Amino acid sequence: MSFSVRLLLRIVILAASFLHGAHCIRFLDRISEPSREPPTQSPRTAVFALGSFWRSEAVFGCLHGVVRTTAGYAGGSKINPEYRSIGDHAESVQIEYDPRKISYRNLLDVFWSSHDSRQVFGQGPDVGNQYRSVIFINGTVESRLAAFSKEREQAKSKISVVTTQIQQIGTFYPAEPEHQKFELKRNPFLLQLIGNLREEELERSSLAAKLNGFAGDLCPPNVQKQINAKINDIVEKGWPVLRDI
Ligand code: MHO
């Protein structure tokens, strides 16, 4: 190799490493900038009792921003309650939600508008202590919002008493699998449409939570319509699996 070729090679290598270095420096500058992304927020949890947990799970599952729902037992002292031996617990729903999309206030509004908080010892046709109305709180902000919303509800009419209790959440016991996504499980067509998920997947799935609301006809009317249209559309196109709504 002649001297001039070697020299040229060295210049090329030097230039390459310089550019590489410059690139690295820029890269470092970039990552040392403060991030403008909003900090990621993990889902929050709320628990309510408002009658049959089949229905309660479906009501909240349909809301935009709700990530996951679980039917279960809360508010009592019995250890490991079951549906046939519920003890002093109330049928409840645990809601995991994204606070950037739906607020605790919104959830409270849905709670009040989805049952009769003045009914004594039952809800709708269901009679018994397990159907009582409870807001389970887990912090001071929640507790203030819950108390305020209850006062507002009571102020709407003084001719009867709002029976809703506001209670610190203790242990939430998830109900048996056959009570999870109950409305959806009554609808084999919808189950098939989302790919006949295994039980554990079904319980964790946001889509299943939403379709559970749809199956029970418990989504707001415009959402019922929108989901219906989407389902008809994909069925017409030849039955692919529904992945999201
Ligand atoms: N009315 C309901 C109550 C079920 S519940 C999950 C029924 O069909 O028995 O308590």
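Table: residues versus (1) surrounded by 18 or more Cβ atoms within 10 Å (Cβ to Cβ); (2) modelled with pLDDT of 95 or more; (3) farther than 30 Å from Ser85 by Cβ; (4) away from the ligand (no atom under 16 Å from the Cβ).
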| residue | (1), (2), (3), (4) |
| --- | --- |
| Lys150 | yes, yes, yes, yes |
| Glu153 | no, yes, yes, yes |
| Thr164 | yes, yes, no, yes |
| Lys181 | yes, yes, no, no |
| Ser206 | no, yes, yes, yes |
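Quick check, is Lys181 farther than 22 Å from Lys101 by Cβ and among the charged types (D, E, K, R)?
On the way: farther than 22 Å from Lys101 by Cβ: no; among the charged types (D, E, K, R): yes.
Here the answer is no, as Lys181 does not meet what is asked.
How many residues does the range 138-163 hold that are touching a residue at least 60 places away in the same chain (Cβ under 8 Å) and touching a strand residue (DSSP E or B) at 6+ places or on another chain (Cβ under 6 Å)?
Qualifying residue count for the region: 0.
For the range 100-137, which positions are more than 16 Å from the ligand (Cβ to nearest atom), touching a strand residue (DSSP E or B) at 6+ places or on another chain (Cβ under 7 Å), assigned to a loop (DSSP other than H, G, I, E, B) and not hydroxyl-bearing (Ser, Thr, Tyr)?
Going residue by residue through the range 100-137, those that are more than 16 Å from the ligand (Cβ to nearest atom) are 100-113, 117-118, 120, 135-137.
The next check asks that each one be touching a strand residue (DSSP E or B) at 6+ places or on another chain (Cβ under 7 Å); those that pass are 102, 104, 107, 111, 117, 135-137.
Imposing the further condition that a residue be assigned to a loop (DSSP other than H, G, I, E, B) reduces the set to 102, 117.
Across the range 100-137, the qualifying residue is only Ile102.
Please verify whether the range 194-202 includes one or more residues that are loosely packed, with under 12 Cβ neighbours inside 10 Å, part of a loop (DSSP other than H, G, I, E, B) and more than 20 Å from the chain's Cα centre (by Cα). Looking for residues that are loosely packed, with under 12 Cβ neighbours inside 10 Å, part of a loop (DSSP other than H, G, I, E, B) and more than 20 Å from the chain's Cα centre (by Cα), one finds at least one in the range 194-202, hence yes.
Looking only at the range 48-71, count every residue that is in a strand (DSSP E or B) and either more than 16 Å from the ligand (Cβ to nearest atom) or without any contact (Cβ under 8 Å) to a residue 60 or more places away in the chain (or both) and tell me the total. Show your work before the answer.
Step one: filter the range 48-71 for residues in a strand (DSSP E or B), giving 48-50, 66-71.
After this cut, where a residue has to be either more than 16 Å from the ligand (Cβ to nearest atom) or without any contact (Cβ under 8 Å) to a residue 60 or more places away in the chain (or both) as well, the list is 66-68.
Residues flagged as in a strand (DSSP E or B) and either more than 16 Å from the ligand (Cβ to nearest atom) or without any contact (Cβ under 8 Å) to a residue 60 or more places away in the chain (or both) within the range 48-71 amount to 3.
Only one of the numbered conditions (1) touching a strand residue (DSSP E or B) at 6+ places or on another chain (Cβ under 7 Å); (2) part of a loop (DSSP other than H, G, I, E, B) is violated by Ile166, and that is (2).
The values are calculated or read from the model by the stated rules, or taken from the named source; none is laboratory data. Owing to the predicted nature of the structure, the values given are computational and were not obtained by experimental measurement. When we count neighbours, we look across all protein chains shown, and the Cβ atoms used for this are built from the backbone with ideal geometry, even at glycine.
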